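Worksheet: one structure, shown below.
The values are calculated or read from the model by the stated rules, or taken from the named source; none is laboratory data. As the structure is a prediction and not an experimental result, all values here were calculated from the model. Note that each Cβ is placed from the backbone with ideal geometry, even for glycine, and that neighbours are counted across all protein chains shown.
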Amino acid sequence: MGASLPGRPPFVLRARILTPLAEGGTRYEPDGRLAVDARGAITAVEPWPASPVEPADGTGTPAIDLRPLVLLPGMVDLHVHLPQLPNAGVGAGLDLLTWLRRYIFPLEREFDEAAAEDLAPRAFRAFAAAGTTTVLAYGAVFEASMDASFRAAEAHGIRAILGKVMMDRGSYDDRLPADRVLDTSLRQSADLCARWHGRDEGRLRYAFTPRFAVSCSADMLRESAALARSTGAYWQTHLAEDHGEVREVARLFPEALDYLDVYDRAGGLGPRTILAHAIHLSAREVARLAETDTAIAHCPASNLFLASGAMRLARLRAAGIRVGLGSDVSAGPELSIFANMRAGAYTQSGLRVLGEDDTRPLGPLDWLRLGSLEGARVLGIADETGSIETGKAADLIAVDPRLVAPIEGVDSHDPAEVMSRLAFRPHPDMVRAAWVRGRRLDGPPGVA
């Protein structure tokens, strides 16, 4: 394998191919052929032909042999905080509200336009290096910093949905009088949505982003949800992450039936809403999430890092709730969705050991689906990305299975075993390239 990796379409790749399928199940080609046309769409996924004549994509493009690399769909990170990346790995074991006050609000207070211009390009390169090609992220409360973050995402090529954090209760922004925070935040968020939502044929989108009920008035929640509905944008916030947070929400919103009801009364539930964590839920809340087709970002590494709790993932899936994975950096200690698969699997194993979950455990291929295609389903873009199938965008990553082998020379062509090592033994350098719409993202070290 000595050929350079393609930077732009069209191209043809020869490699191992492992992907979930939209109709269910998994496809594995131990020696596969992937063709991508000039628009960045996948035109062929098939076994490598037995004929000695090297196939091409119809334009005379020679195939690039990447073996023994494995092509996977790009990972989808449903919950992460851009300004918090410098804090990753710091603050383990603190409760959520203490951690926010001690580390996060001071960090986000400094995320102005200049800070975003410096950090955001590096952040998007780090996502690509971790194998993430689609990201749903929080910014900070400052409008200019979000413009800078969007500009960085536009230049980088990643598929990004971003939002300015909205807080009118206990905001760390001391530059505005308290009586102007609500109207200013709503206006700035609407302006950002008008500029960026749907940019580059939908590669860039906007998410109205009230931080969580503790930081928002009922007016902020209601008006931001109305803006999301009227613009067709997303609405993202946090739900039931920590026992202390749940108690504080009950104190602030005594009229609500429970935590979820705060968002329900605001008109925030629905198919374009993504709620992060959702650990401590009643049966009523689970049923209401399913009834409204509201989606959940499961952040298992973060939940363990801050000792927030263990999600009953099987309960949400059994209810028919759409669930994908999020890194939640910096409460989560690392960006890799593969590492979050491992954390999620260990969490579910722990629940079974404790007798709190008797369902069939998810296997490695189930975790691959959660990290890719199910994340795309949460965002409503599974017809375009999330799996390697003909007609979809070439949102791909190439991973090196040699780096996750327990000892040099050990390999497998069983797809579950291949994925098991990628999830349970992830290596920081295993992602060798990432593409969105067939355009290679700046970030992974490459294999040229």
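Looking across the range 358-410 at every residue that is of a type in the set (Asp, Glu) and surrounded by fewer than 19 Cβ atoms within 10 Å (Cβ to Cβ), the one that is nearest to the chain's Cα centre (by Cα) is identified as Asp383.
Within the range 79-109, the residues that satisfy the criterion of being outside any helix (DSSP H, G or I), at pLDDT 95 or above and not aliphatic (A, V, I, L, M) are His79, His81.
Restricting attention to the range 410-443, the residues that are among the aromatic types (Phe, Trp, Tyr) and in contact with a strand residue (DSSP E or B) (Cβ under 9 Å, 6 or more places away or on another chain) add up to 1. Among residues that are modelled with pLDDT of 95 or more and closer than 14 Å to His79 by Cβ, Gly332 is not included. Of everything in the range 215-251 that is assigned to a helix (DSSP H, G or I) and without any contact (Cβ under 8 Å) to a residue 40 or more places away in the chain, the residue that is nearest to Tyr172 (Cα to Cα) is Val249. Among residues of the range 106-122 being farther than 19 Å from Ala153 by Cα and more than 22 Å from the chain's Cα centre (by Cα), the one that is surrounded by the fewest Cβ atoms within 10 Å (Cβ to Cβ) is Pro106. With respect to Leu275, is the statement that it is part of a strand (DSSP E or B), in contact with a helix residue (DSSP H, G or I) (Cβ under 8 Å, 6 or more places away or on another chain) and of a type in the set (A, V, I, L, M) true? So Leu275 fits the description; yes. Filtering the range 86-117 to residues that are under 27 Å from Arg421 (Cβ atoms), touching a helix residue (DSSP H, G or I) at 6+ places or on another chain (Cβ under 9 Å) and of a type in the set (A, V, I, L, M, F, W, C) leaves only Ala92.
Of the residues examined, Val353 is one that is farther than 27 Å from Gly91 by Cα, out of contact with any Phe, Trp or Tyr (no Cβ under 8 Å at 6 or more places or on another chain) and of a type outside the set (D, E, K, R).
Results for (1) surrounded by fewer than 24 Cβ atoms within 10 Å (Cβ to Cβ); (2) of a type in the set (Asp, Glu); (3) assigned to a helix (DSSP H, G or I), shown as yes or no for each residue.
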{"site": "Ala314", "(1), (2), (3)": "yes, no, yes"}
{"site": "Gly320", "(1), (2), (3)": "yes, no, no"}
{"site": "Glu334", "(1), (2), (3)": "yes, yes, no"}
{"site": "Phe338", "(1), (2), (3)": "no, no, yes"}
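Set side by side, the residues Ser185, Ser189 differ, and just one is in contact with a Phe, Trp or Tyr (Cβ under 7 Å, 6 or more places away or on another chain) and polar (S, T, N, Q), which is Ser189.
Within the range 27-44, is even one residue in a strand (DSSP E or B), touching a helix residue (DSSP H, G or I) at 6+ places or on another chain (Cβ under 6 Å) and outside the structural domain of Arg203 (by TED's automatic domain parsing)?
Applying the first criterion (in a strand (DSSP E or B)) to the range 27-44 yields 27-36, 41-44.
Pick out the ones that are also touching a helix residue (DSSP H, G or I) at 6+ places or on another chain (Cβ under 6 Å) and you get 28.
Right, trim to outside the structural domain of Arg203 (by TED's automatic domain parsing) and you get 28.
So far as the range 27-44 goes, yes, one or more of its residues are in a strand (DSSP E or B), touching a helix residue (DSSP H, G or I) at 6+ places or on another chain (Cβ under 6 Å) and outside the structural domain of Arg203 (by TED's automatic domain parsing).
Taking first residues from the range 191-207 that are in the same structural domain as Arg159 (by TED's automatic domain parsing) and partners that are at pLDDT 95 or above and in a loop (DSSP other than H, G, I, E, B), the Cβ contacts under 6 Å between residues at least 6 apart in sequence or on separate chains come to Leu192/Lys164; Cys193/Ala233; His197/Ala233; Arg205/His197; Tyr206/His197; Tyr206/Ala233.
Evaluating Thr359 against the criteria (1) modelled with pLDDT of 95 or more; (2) closer than 24 Å to Arg312 by Cβ; (3) of a type in the set (S, T, N, Q) leaves one unmet condition, (1).
Just wondering, is there one or more residues in the range 160-179 that are buried (at least 20 other Cβ atoms within 10 Å of the Cβ), modelled with pLDDT of 95 or more, touching a Ser or Thr at 6+ places or on another chain (Cβ under 9 Å) and within 25 Å of Met430 (Cα to Cα)? Scanning the range 160-179, I find at least one residue that is buried (at least 20 other Cβ atoms within 10 Å of the Cβ), modelled with pLDDT of 95 or more, touching a Ser or Thr at 6+ places or on another chain (Cβ under 9 Å) and within 25 Å of Met430 (Cα to Cα), so the answer is yes.
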